[in-house]
Amino acid sequence: MSDQLRPRASLRTAVVWEVLKDALDRQVKAAGRDALDVLDTGGGTGNFAVPAARLGHRVTVVDPSPNALFALERRAAEAGVADRVRGVQGDILGLFDVVERGGFDAVLCHGVLEYVDEPAEGVRNAVAALRPSGALSLLAAGLGGAVLARALAGHFTEARHALADPAGRWGEGDPVPRRFTAEQLSDLVSGAGLEVGAVHGVRVFADLVPGVLVDTEPGAMDALLKLEAAVAELPAFHSVATQLHVLGEKRP
């Protein structure tokens with residue numbers, strides 16, 4: 001994967017990046033253009049924007065944090081893609097205050113829906129930013145992964161609380177305002193008028209495996225990456241994934 005500065009970072013992004021790269025390749029063929037216009041909402045410091053720009057695409061990052069956008073600018077410059085990455089301060093609920101409707105071949109909405117008051121509105125805005133035949137990459141926190149993590153840590157009451165809570169939170173100290181099931185995310189995508197192309201479980205095992213094992217055991221990192229890729233599309237593992245990725249596609 002491009003832009004890998006730390007080995008453990010690949011555990012968090014490898015599955016999503018491969019799905020996204022394939023989707024961008026399909027968009028290139030469908031559009032008949034080598035370079036696409038990509039919108040990354042909540043793209044922060046450019047974990048996906050910079051690799052996408054390295055593929056030759058023009059990427060607009062919308063993020064509410066000026067510090068993140070400053071880091072994005074520096075990162076893009078260091079990667080030699082400053083001319084293809086543009087940072088704009090804003091958020092997904094006010095998206096069309098800063099970007100145009102229907103101006104993008106692909107929209108990324110990664111780690112955003114957990115933090116907005118109206119997730120459905122956020123998805124509708126992301127879809128409205130797409131051109132005909134565009135693609136939406138949606139990544140959000142998974143409910144099952146949080147329940148499993150709390151239970152394995154011995155916090156059984158908190159695990160049960162997350163199951164019963166409408167927002168999927170395990171308690172007042174939970175830093176994540178909202179979590180989703182694969183069905184909920186798919187419904188948001190289809191409800192906004194897109195066809196659900198694929199659903200993937202992300203970080204099914206990566207957050208549960210001791211870091212010392214991955215970092216010191218020869219071959220463990222590569223084996224874990226392959227395992228994550230192997231289970232990502234299997235519905236049985238979506239219910240225990242830390243994050244869920246849904247690819248939605250506009251049909252002409």
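Quick look at the values:
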{"read-out": "Filter result (β-branched (V, I, T) and open to solvent by 60 Å² or more (accessible area, probe 1.4 Å)) within the stretch 205-252", "value": "V212, T216"}
{"read-out": "Residue ID - farthest from P132 (Cα to Cα), chosen from residues in the stretch 80-105 that are in a loop (DSSP other than H, G, I, E, B) and touching an Asp or Glu at 6+ places or on another chain (Cβ under 7 Å)", "value": "G90"}
{"read-out": "Single unsatisfied condition, E195 versus (1) surrounded by fewer than 17 Cβ atoms within 10 Å (Cβ to Cβ); (2) out of contact with any Lys or Arg (no Cβ under 6 Å at 6 or more places or on another chain)", "value": "(2)"}
{"read-out": "Residue tally, condition more than 19 Å from E228 (Cα to Cα), touching a strand residue (DSSP E or B) at 6+ places or on another chain (Cβ under 7 Å) and touching a residue at least 60 places away in the same chain (Cβ under 8 Å), over the stretch 171-217", "value": "8"}
{"read-out": "Residue tally, condition more than 20 Å from A159 (Cβ to Cβ) and not aliphatic (A, V, I, L, M), over the stretch 184-209", "value": "8"}
{"read-out": "Helices (runs of 4 or more DSSP H) wholly inside the stretch 173-252 that include at least 3 residues being charged (D, E, K, R)", "value": "220-231"}
{"read-out": "Residue in the stretch 159-177 that is over 27 Å from V62 (Cα atoms) and surrounded by 19 or more Cβ atoms within 10 Å (Cβ to Cβ) present", "value": "yes"}
{"read-out": "Lone qualifier among L72, L108 - being without any contact (Cβ under 8 Å) to a residue 60 or more places away in the chain, touching a Gly at 6+ places or on another chain (Cβ under 8 Å) and not β-branched (V, I, T)", "value": "L72"}
{"read-out": "Residues being surrounded by fewer than 24 Cβ atoms within 10 Å (Cβ to Cβ) and outside any strand (DSSP E or B) - total across the stretch 49-64", "value": "6"}
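A quick yes/no check of all residues on (1) more than 20 Å from A53 (Cβ to Cβ); (2) of a type in the set (A, V, I, L, M, F, W, C):
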site	(1), (2)
V107	no, yes
Y115	yes, no
E121	yes, no
V127	yes, yes
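The values are calculated or read from the model by the stated rules, or taken from the named source; none is laboratory data. Being a predicted model, the structure only gives us computed values, none of them experimental. Cβ coordinates were reconstructed from backbone atoms using ideal geometry, including for glycine residues, and neighbour counts include every protein chain displayed. Surface accessibility is based on the protein's heavy atoms, side chains included, excluding ligands, DNA and RNA. Shrake-Rupley method; radii C 1.70, N 1.55, O 1.52, S 1.80 Å.
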